[in-house]
Structure formats: C-alpha cells, structure tokens
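The values are calculated or read from the model by the stated rules, or taken from the named source; none is laboratory data. Just so it is clear, the structure is predicted and the values come from calculations on it, not from any experiment. Using ideal geometry, Cβ is built from the backbone for each residue, glycine included, and neighbour counts are taken over all protein chains shown.
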Amino acid sequence: MAEKKRKKDLNFFERIYVVEIVKGMILTFKNMLRPKVTMEYPEVKFDPPASYRGRPVLVQENNGVERCVACGLCSRVCPALAIEVQAAETELEKERYPQKFEINMLRCIFCGFCEEVCPEEAIVMSKDYELVFTNRDDAIYGKDKLLIPVDKLKDRLEFLRNFK
Amino acid sequence: MSIWEILIITLIKILVIVAIMFLTVAYLVYFERKVSAWVQNRLGPNRVGYRGLLQPFADVFKLLVKEDIVPDAANKPLHTLAPFIALFVAFATYAVIPFGPSVNIFGYDIKLVVADVNIGILYVLALTSLGVYGITFAGWSSGSKYSLLGGVRSSAQMISYEVSMGFSIAGVLLLAESLRPIDIVNAQYGWMWNIVLQPIGFITFVVSAFAETNRLPFDLPEAEPELVGGYHTEYSSFKFAGFFLAEYANMIIASCMIVTLYLGGWQIPYIDKVGLSETLTVILQVGAFIFKTIFMLFMFLWVRWSIPRFRYDQLMNIGWKVMFPLSLLNIVWVAVLIMIFNL
C-alpha cells in the first residue's frame, strides 16, 4: 500500500488541488472512451465457462435412456434435501433405473455435491442459469425437465474428467 | 412598434424559452445519467424509446404518480412553498440571458433575449441569492434534523460563495463598463474573451458557480451518506421533482452565465470578416452559444463524476481563504490591465 501522505508533506501543486483535479478528470475522461462492460441481457446472453454450476441435470444417453442407476447417493448427499429418487427394475444391462427423479429447484443450492458423488457421471451441473417458475409446483423439476442429451453436456463432462 | 406588437413578441419569446428550458432540463437529466454511465464503463439508460431518449419523460411521469407525503411535523405552507421558490428562481433567471445578436424577422428588429434589462447581471445575482430561501425553507419546514442540517449548510455555503462570485463578476463589469448582458458579450469581441483576459476570475467564478448550484464537489446540502437526502429528505412526488428540476435548471443557468460572462457569449472570433450572409451568421452565432453552453454543462457532469465531495471545513476554507482572495486579486489584475492597455 502506498505511504499515507500527511498534509505537511504535500508539495505546492498537490496543495492547491488544481493539478490533482485535472489528473483525476483526465482519468475519468479516458474511462469514458473505453469499451463498455455492460451485457444487454435479454438480447445478449452470458455464456458461462465449463466450470459454471448452473441447474443440475440428468445425462441422457444417445439411445434415449438415462445414465442414472438410482443408487440414491445424490439424494443422500444433498445438503438441502432437494433430490428425491425412486428406484425400479429394468430389463437393461444396468438393471435399475429411477422411476421418479425430482429436484426441488426452490431448495437446490447449486453446491454440486450430487455431481461429485455420482458414480456414473449421471447427474451434472449444466450452464442453464435462467430458472423461472411462477408457483411452487412448477419449481419441482421431474425427469421430463431434467433429462438432457449427452451431446449438450460435453463441455461439463470433459471438465469433470480433467478436474474432478 | 405598438405596445401590442411588443407584447406579442415578448410572449412568443417567453413561450419559446420556457419550452426550450423544460426540454433541456429533461435532457440534461438524461445526459447526466449517460455521462455517469460512460465514466463507469456502463451504457446508461437505453430502453425507453430510441437509445433511451424518452427516459426523462418516464422519470418525470414516475415522480408525478407517486404519493405526495407531507410529514406531520412539517410546517405545511412553507413545506409546499419551498419547491416553488426554487423552481421560480431557476426559471426566472433565463429572462436576461442573451442567446444571440439582434435578428430581423418580418421587418421587426428582435433581440434574442426575453428581457433586455440594463441591470441584467444584478438581476441574476439577486435571483440566485433568493434561491437560498427555497432550500433553507425546505430544510427548516420539513421538521427533520437531516433536512435542517442540509438547509443550514446550504445557506452558509451559498452566502460564502456568493461573495467570491460577486467579486469575480466585478472584474467582468470593469471591462464591459455595463451591467447589461448584451453589452458584456459585445465587449468580448474577437478574442477579447474574459477567459483570456482574466483566467483567475474565470476559475473563481466557475468554482463559485459549482458551489451555488450545489453540484458535487460542493453538494454538501444533500450529502447522501451523512444527511440521507439533505434538504429534500422529506419531499416526494411533484415537490421533489420541483427541486430536482430546479437543480438542473440552475446548472443550465450557471453554464449560460459562464458562457455570457467569460466565454464570449454568442461570439465567434472574426466571423464578420469571413463575409457570410447575415442570417447564416446569426444562426452560427446562436449555434456557438448553444455549443459553448453544452460544453460547460458537460464540464459540470464531468467534474461531478470525477471529484469526491469536500468536507465542510474544507469547503469553508476554500471559500473564504482561497476563492475570496483570488477574486480580489482578479479585480486588481483587471484594473492593472485597464490602466496599462486602456481597454
């Protein structure tokens, strides 16, 4: 930090303000000409980096089946108790699948624990930050809203492989 | 000219000036928001209308539909009167500011000033002094300690700076040998602008003008961090809009005065030597006046967003120990100029 100047240490030009005021005004004038940082939101949207923790989603494989095996770990680890999983059996290789998978978006705190704990990389945080609902029932996202094709989540899956 | 012709011409002038006034005040608010945004690397209002140009009307409309609250402890007549004093003073001053030289329209010789008063400068000084009453009444009648402190500060500040303002103007008057604004502008023919002849006077006048209009570095009467809103803490709706508009109208007045007194008014150096037609010359000169005024207004905004507020003791120190002696020095300087060069 710069040494604090006492009044007696100031030289003549600093004491009559004028020079310093002109310096300050030149600085603000330069700032006026600099590019603006504002992002005009509804028209221009923020594209978050892969490390961004938006709303949690379930990964849907290309054959239309979710990766999730309904182990319930995410539900267990969730500090806000936002996730509810009901398991059921299936003929597929993975044998179990979530019959019902609900995340209460009013409770979710976007901590990403569910993603960290998931053994199948089946639940990941997306880049979606536009969460709007007009009543409490709408805020409970079922499988219909949670399933996202794996192609759209490549960035995040890549990021998890590198850094998780 | 018959009395009726004079009356009609004056009425038209008043209407034009008032219309221009309201528009410029509205757009000054818009301009201020834009400049503040630019200084902070933002965009500023750009949603209402093309590039946000309708924003000031939206602002005013919002203020007008709000509830008008009068505090229980307030002195109601004075509380209501205060914003009207502020507004009246701000708008009445426009009468004597010359926007350009005389023009010839339909055979009438019209001066581009509402009232060509031979004591115009005195009139401006008197009215701006009255402006203190608006703020002081507002502070006192609100029945709130913050408002009271704001009002007290304002009166102390305006009285202090009026002294150096008056003395700076004295320098101009010595040179022009007249109190009539048109004569003062005519005295600054060519490059004989007062800013060139008496730069010290220009600085003291500009600083005093900032203090008189309660603009930042000197906006202690409404210092938000200490006094909530200062003298207009207890005002809302239309009355608040009154103070708000009066502040901006005062800024425009101050800019016009600075231009008239120091920047040569409508003068463009040596434009009559170029040989343009008379009409074009007048248009250019009025344009020059508007341009200079806008430049000064930009200075006001630019300074506001660059410099932090002075402390109260610093304000008084600068007013009495720096600005006052400097303006006296300026008078001596002008007197010496007149003695040596016989101006």
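Criterion first (touching a Ser or Thr at 6+ places or on another chain (Cβ under 6 Å) and either among the basic types (Lys, Arg) or not in a loop (DSSP other than H, G, I, E, B) (or both)) does A:Val85 satisfy it? It is true that A:Val85 is touching a Ser or Thr at 6+ places or on another chain (Cβ under 6 Å) and either among the basic types (Lys, Arg) or not in a loop (DSSP other than H, G, I, E, B) (or both).
Restricted to the stretch B:249-265, and to residues there that are out of contact with any Leu (no Cβ under 8 Å at 6 or more places or on another chain) and not aliphatic (A, V, I, L, M), the residue that is farthest from B:Gln188 (Cα to Cα) is B:Asn250. Considering each residue of the stretch A:49-59 in turn, at least one proves to be free of Cβ contacts under 8 Å to residues at least 12 places away in the same chain, surrounded by fewer than 16 Cβ atoms within 10 Å (Cβ to Cβ) and over 30 Å from B:Lys34 (Cβ atoms).
Just one residue in the set A:Leu146, A:Leu157 is touching a strand residue (DSSP E or B) at 6+ places or on another chain (Cβ under 9 Å), closer than 15 Å to A:Tyr52 by Cα and not hydroxyl-bearing (Ser, Thr, Tyr); that residue is A:Leu157. For the stretch A:88-108, a residue qualifies if it is among the basic types (Lys, Arg) and in a strand (DSSP E or B), and the qualifying residues are A:Arg96, A:Lys100.
Of all residues in the stretch B:280-320, those satisfying the criterion of being away from chain A (no Cβ under 14 Å) and out of contact with any helix residue (DSSP H, G or I) (no Cβ under 9 Å at 6 or more places or on another chain) are B:Leu280, B:Val282, B:Ile283, B:Val286, B:Gly287, B:Ile290, B:Phe291. Within the stretch A:26-72, the set of residues being of a type outside the set (Phe, Trp, Tyr), outside any loop (DSSP other than H, G, I, E, B), within 14 Å of chain B (Cβ to nearest Cβ) and in contact with a helix residue (DSSP H, G or I) (Cβ under 9 Å, 6 or more places away or on another chain) comprises A:Thr28, A:Asn31, A:Met32, A:Leu33. Apart from one condition, A:Val19 fits all of (1) out of contact with any helix residue (DSSP H, G or I) (no Cβ under 9 Å at 6 or more places or on another chain); (2) farther than 30 Å from B:Gly52 by Cα; (3) part of a helix (DSSP H, G or I); the exception is (1). Among the residues making up the stretch B:59-103, those that are out of contact with any Pro (no Cβ under 7 Å at 6 or more places or on another chain), closer than 22 Å to B:Val16 by Cβ and outside any helix (DSSP H, G or I) are B:Phe99, B:Gly100, B:Pro101, B:Ser102, B:Val103. The set of residues from the stretch A:118-141 being in a loop (DSSP other than H, G, I, E, B), closer than 13 Å to A:Leu106 by Cα and not polar (S, T, N, Q) comprises A:Leu131, A:Val132, A:Phe133, A:Arg136, A:Asp137, A:Asp138, A:Ala139. Looking at this structure, is B:Thr233 among the hydroxyl-bearing types (Ser, Thr, Tyr) and under 25 Å from B:Gly166 (Cα atoms)? For B:Thr233, the condition - among the hydroxyl-bearing types (Ser, Thr, Tyr) and under 25 Å from B:Gly166 (Cα atoms) - is not met.
Against the definition (under 18 Å from B:Pro98 (Cα atoms) and away from chain A (no Cβ under 14 Å)), how does B:Leu63 come out, yes or no? So B:Leu63 does not fit the description; no.
Note on the stretch B:16-51: residues that are in a helix (DSSP H, G or I) and under 25 Å from the mean Cα position of the chain (by Cα) total 24.
Matching residues to (1) under 29 Å from B:Thr93 (Cβ atoms); (2) touching a Pro at 6+ places or on another chain (Cβ under 7 Å); (3) modelled with pLDDT of 85 or more; (4) not charged (D, E, K, R):
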| site | (1), (2), (3), (4) |
| --- | --- |
| B:Glu5 | yes, no, no, no |
| B:Ile14 | yes, no, yes, yes |
| B:Tyr30 | yes, yes, yes, yes |
| B:Asn41 | no, no, yes, yes |
| B:Phe57 | yes, no, yes, yes |
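A Cβ distance below 7 Å, combined with a sequence gap of six or more or placement on separate chains, defines the contacts here; from the stretch A:34-48, residues that are under 18 Å from B:Pro45 (Cα atoms) reach residues that are hydrophobic (A, V, I, L, M, F, W, C) in the pairs A:Lys36/B:Leu43; A:Thr38/B:Leu43; A:Met39/A:Phe46.
Every residue, every condition in (1) touching an Asp or Glu at 6+ places or on another chain (Cβ under 7 Å); (2) within 18 Å of B:Ser236 (Cβ to Cβ); (3) not aliphatic (A, V, I, L, M), yes or no:
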{"residue": "B:Lys66", "(1), (2), (3)": "no, yes, yes"}
{"residue": "B:Lys76", "(1), (2), (3)": "no, yes, yes"}
{"residue": "B:Leu87", "(1), (2), (3)": "no, yes, no"}
{"residue": "B:Leu112", "(1), (2), (3)": "no, no, no"}
{"residue": "B:Val117", "(1), (2), (3)": "no, no, no"}
{"residue": "B:Ile121", "(1), (2), (3)": "no, no, no"}
{"residue": "B:Tyr133", "(1), (2), (3)": "no, no, yes"}
{"residue": "B:Ser147", "(1), (2), (3)": "yes, yes, yes"}
{"residue": "B:Ser155", "(1), (2), (3)": "no, no, yes"}
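If the condition is being surrounded by fewer than 16 Cβ atoms within 10 Å (Cβ to Cβ) and touching a residue at least 24 places away in the same chain (Cβ under 8 Å), then the stretch B:318-327 contributes only B:Trp320. Only a single criterion out of (1) within 14 Å of chain A (Cβ to nearest Cβ); (2) surrounded by 14 or more Cβ atoms within 10 Å (Cβ to Cβ) is not satisfied by B:Ala26, namely (1). Under the condition of being under 16 Å from the mean Cα position of the chain (by Cα) and either surrounded by fewer than 17 Cβ atoms within 10 Å (Cβ to Cβ) or of a type in the set (Ser, Thr, Tyr) (or both), which residue from the stretch B:115-160 is farthest from B:Val185 (Cα to Cα)? Going through the qualifying residues, I end up with B:Leu130. Screening the stretch B:232-284 for residues that are of a type in the set (Gly, Ala, Ser) and within 22 Å of the chain's Cα centre (by Cα) and picking the one that is farthest from B:His79 (Cα to Cα) gives B:Gly264.
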